[in-house]
1. So, Gly188, is that one under 17 Å from Glu70 (Cβ atoms) and at pLDDT 95 or above or not?
2. Do you know which residues across segment 66-94 are free of Cβ contacts under 8 Å to residues at least 60 places away in the same chain and aliphatic (A, V, I, L, M)?
3. When Ser67 is evaluated against the numbered criteria (1) under 16 Å from Gly222 (Cα atoms); (2) in contact with a Lys or Arg (Cβ under 8 Å, 6 or more places away or on another chain), which criterion, by number, is the only one it fails?
4. Being within 29 Å of Leu80 (Cα to Cα) and modelled with pLDDT under 95 is true for just one of Thr123, Thr214. Which residue is that?
Amino acid sequence: MDTDVQLTERDPSPAPDQGPEQGSRFARFTARLAGLRHRPVTLLALCLAFVLLLSAFVAQPFLIPSSSMENTLQIGDRVLVNKLAYRFGTEPARGDVVVFDGTGSFVHREQGENPVTGLLRATGAALGLARPAETDYVKRVIGIGGDHVTCCDERGRIEVNGEAVREGYLHPGDAPSSVAFNIVVPEGKLWVMGDHRARSSDSRDHLGDPGGGTVPVDRVIGRADLITWPVSRWRSLSAPIPAAAGSRG
């Protein structure tokens, strides 16, 4: 006896939302990704390129090279620098820990470096594996454009717009400053200082230089938001504002 068997044939046409050309492109892309498993050097190069792009435009690990920000930051710490923090109209605020290029404010001479050595160092610095450029600094913002910053009042405290600065982040045993100063920060500039005042070369040391020790806002690379290494020191760097926002002038 013959038995009729009904077979259901699968429609060979592509799904409605995926035309033949789109499906072909996706298949080729998937095949290329799968092929990278057998080419580790290419895969490593692509990963490195992605990390460098991320470091250049979004967030960069930064190796702390000195003791000028102790105890907040210690030598060898890696901090994550948020490069988008001031990209969309927001400007540095009092209390922010910022990384900036000191060329023209803290550094007034050409920094000679072998091109090959410079490229290797820059790559290592972008990955947080090497010391940053000698022109890069990390400091805390004490005064912003228009602020009147003075040192010191009768109790030895820095004042911003006539109000004493509350500096709980200072290195134990340090005075707010051993150098007297009285400056109105120009618009578009910052007055910056290290938390370890006895070991920090900061705005105070450049009072006689062009700009009077202030740093242009457009030289700020980004805001240090997080200690990422070592793991035991993992924490946010958000800090209380050093002084209340009094009237400027």
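The values are calculated or read from the model by the stated rules, or taken from the named source; none is laboratory data. This is a predicted model, so every value here is computed, not measured. Positions of Cβ are generated from backbone atoms using ideal geometry, with glycine treated the same way; all protein chains shown enter the neighbour counts. SASA here: full protein model, heavy atoms, side chains in, ligands and nucleic acids out. Shrake-Rupley method; radii C 1.70, N 1.55, O 1.52, S 1.80 Å.
1. No; evaluated as a whole, the condition is false for this residue.
2. If the condition is that a residue be free of Cβ contacts under 8 Å to residues at least 60 places away in the same chain and aliphatic (A, V, I, L, M), then Ile75 is the only one that fits.
3. The number of the failed condition is (1).
4. On the way: Thr214 fails: modelled with pLDDT under 95.
Only one candidate qualifies: Thr123.
Yes/no per residue for (1) open to solvent by less than 30 Å² (accessible area, probe 1.4 Å); (2) under 30 Å from Asp205 (Cα atoms); (3) at pLDDT 65 or above:
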residue: Arg28; (1), (2), (3): no, no, yes
residue: Leu44; (1), (2), (3): no, no, no
residue: Leu52; (1), (2), (3): no, no, no
residue: Ser68; (1), (2), (3): yes, yes, yes
residue: Gln74; (1), (2), (3): no, yes, yes
residue: Arg94; (1), (2), (3): yes, yes, yes
residue: Val116; (1), (2), (3): no, no, no
residue: Gly128; (1), (2), (3): yes, yes, no
